[in-house]
Amino acid sequence: FFSQVFSATMSAPYDEEDKDEEEEGQDEEGEDGEGKQEIDPESLESGPKTIIVGEWSQMTGINEAIEAAAEKDTIYCNSGEYDEEVKINKLGISILGPPDLSASVLQGITSSATAANVSKLSVKGGISIRCGNLQVSECDIHSAHSGIQILKTANPRIVNCAIHGIEKCNVAVFPGGNGCIEKTQIIGTGERGSVGLYMDDAGSTLFRDNQISNVMTGVYTIHGCKGAIIHGNKISGITGHGIYTDQESKPNIKNNEIADAEHYGIVVAGGSGGVFGNNIVHSSIRIYTGCRPSFFDNIVVKPGTIVNDDSLYALRGVSIKRFEDLPKPKKPKEPEPE
């Protein structure tokens, strides 16, 4: 009996109407997401990738890797010397080196990308940031006329870097430039005309918690700089002036310590103003005629004094103290026992 039923079923003709109903049912399943669906080939494309450069890689140059990179890709540079000027022009790429900074760029870096990241590289020849939001972290920047140049419309972040062996400007912010430079050590060559931080009509620029030493002028500002904040820096070993504001500049200068400047710790000249608060100056302050700075809670350490061409502003917002009378730094809170 079963063999007859099976045979009859197998030999029955396939109804075209049944076929149409079956296909219709499959279409309905597909619409509900339960049936088999076609796969878009574009959905199989991989996300950001890492490109290896240098030893054990077919790519020997960083610029070659940048050309091959797509948005948000990472370029990892193996130890070695890269004798090229690296030109960053791809959005969102990251260029990284080994933790010991043994990957060396020999002809500097120029960045024009809207956003990018550079970390753990040794850079000879300086970094020029023409525009965009470049982040530079844990890099060693050395042996150049200028260390870092921030040009108009650029808004980088420079953090935890070392800048040394620079002939003139270690960090220079030009008209319209912005940015944040923090926790960076600047060691100059001591040459005449050398500057730790130079700002000319800078925009919203934050220079915070850095160390500057062995330059002729620690900080030099000209032309406006109303949005510039110079805060919490340690300036020492200066062969000229610690902080010099000139040509009608008006920066905000607070909580800095100028440890030893051979000439003046702070100079306000050329009709400049600005706000000076809570700074400790281990040398003298000089304010030229026609300048109207706002001073409050600053300390000049003896034998330093104030030289002021305008008696209306003499000793305003500045107290003179002995070194032993300086406020003691606050001790960090001890962790509570568990």
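The values are calculated or read from the model by the stated rules, or taken from the named source; none is laboratory data. Everything quoted here is computed from the prediction, not taken from an experiment. Cβ coordinates were reconstructed from backbone atoms using ideal geometry, including for glycine residues, and neighbour counts include every protein chain displayed. These area figures cover heavy atoms from the full protein model, side chains too; ligands, DNA and RNA do not enter into them. Shrake-Rupley method; radii C 1.70, N 1.55, O 1.52, S 1.80 Å.
Since only GLY132, HIS145, THR184 are under comparison, the one whose Cα sits farthest along the positive direction of the charge dipole of segment 106-216, derived from C-beta charges on Lys, Arg, Asp and Glu, is GLY132. The distance from the alpha carbon centre of segment 64-96 to that of segment 189-231 is 30 Å, rounded to a whole number.
For the pair LEU106 and GLN247, label points projected 7 Å from Cα toward Cβ lie 3.7 nm apart.
Placing +1 on each Lys and Arg Cβ and -1 on each Asp and Glu Cβ, with no other charges, gives segment 125-236 a dipole about its Cα centre of roughly 200 debye.
Please label the shape of segment 132-230 as rounded, prolate or oblate, based on the square roots a ≥ b ≥ c of the eigenvalues of the alpha-carbon gyration tensor (a/c under 1.5 means rounded; beyond that, a/b larger than b/c means prolate, else oblate). Oblate is the answer for segment 132-230, as a/c is 1.5 or above yet b/c matches or exceeds a/b. Within the straight-line cut-off of under 18 Å between alpha carbons, the lysines reachable from LYS328 are LYS234, LYS254, LYS302, sequence neighbours fewer than 8 places apart in one chain being disregarded.
Couplings 3J(HN,Hα) for segment 259-268, derived from phi with the Karplus relation 6.51 cos²θ - 1.76 cosθ + 1.60 (θ = phi - 60°), are 6, 7, 10, 5, 10, 9, x, 9, 10, 10 Hz, where x marks Gly and Pro. Give the residues of segment 124-138 whose amide nitrogen is closer than 19 Å to a point set 7 Å from the Cα of ASP83 in the direction of its Cβ. 124-126, by backbone N distance to the label point.
Applying 1/(1 + (r/R0)^6) with R0 = 25 Å to the Cβ-Cβ distance of THR60 and SER143 gives a FRET efficiency near 0.65.
Summing charges over all other residues whose Cβ lies under 15 Å from the Cβ of HIS164, with Lys and Arg as +1 and Asp and Glu as -1, gives -2.
Extension gain, LYS72 to LYS328: 0.36 nm times the residue separation minus the Cα-Cα distance gives 87.5 nm. Over 22 Å between Cα atoms: which of LYS49/LYS152; LYS90/LYS183; LYS120/LYS152; LYS90/LYS152; LYS90/LYS226; LYS124/LYS226 fall into that group? Check vs 22 Å cut-off fails for LYS49/LYS152; LYS90/LYS183; LYS120/LYS152; LYS90/LYS226; LYS124/LYS226.
Do any GluC sites (Glu not before Pro) in segment 218-264 lie in a loop, going by DSSP, with at most 16 other beta-carbon atoms within 10 Å of their beta carbon, and if so which? For GluC sites (Glu not before Pro) across segment 218-264 that sit outside H, G, I, E and B with at most 16 neighbouring Cβ atoms in 10 Å, the list reads GLU262. Our estimate of slack between SER294 and GLU191, defined as 0.36 nm per intervening residue step minus the Cα-Cα distance, is 33.9 nm. Taking N as the residue count of segment 176-227, its C-alpha radius of gyration divided by 2.2 N^0.38 Å amounts to 1.14. The candidates SER204, SER319, SER272, arranged from most to least accessible area with a 1.4 Å probe in the full protein assembly, appear as SER204, SER319, SER272.
The listed residues ASP325, ASP246, ASP73, ASP100 rank as ASP100, ASP325, ASP246, ASP73 when sorted by accessible area, largest first, using a 1.4 Å probe.
Rounded to whole numbers, the Karplus 3J(HN,Hα) couplings from phi for segment 161-168 are 10, 10, 10, 7, x, 9, 5, 10 Hz, using 6.51 cos²θ - 1.76 cosθ + 1.60 with θ = phi - 60°, and x at Gly and Pro.
For segment 105-230, what % of the accessible area comes from carbon and sulfur atoms, probe 1.4 Å? That fraction is 47 percent. Taking all protein chains together and a 1.4 Å probe, the residues MET199, MET216 rank MET216, MET199 from largest to smallest accessible area.
By its C-alpha gyration tensor, with a ≥ b ≥ c as the square roots of the eigenvalues, how is segment 75-131 shaped: rounded for a/c under 1.5, else prolate for a/b larger than b/c, else oblate? In terms of gyration-tensor shape, oblate.
Couplings 3J(HN,Hα) of segment 243-249, computed from phi: 10, 10, 9, 9, 6, 6, 8 Hz, in residue order, whole Hz [Karplus 6.51 cos²θ - 1.76 cosθ + 1.60, θ = phi - 60°; x for Gly and Pro].
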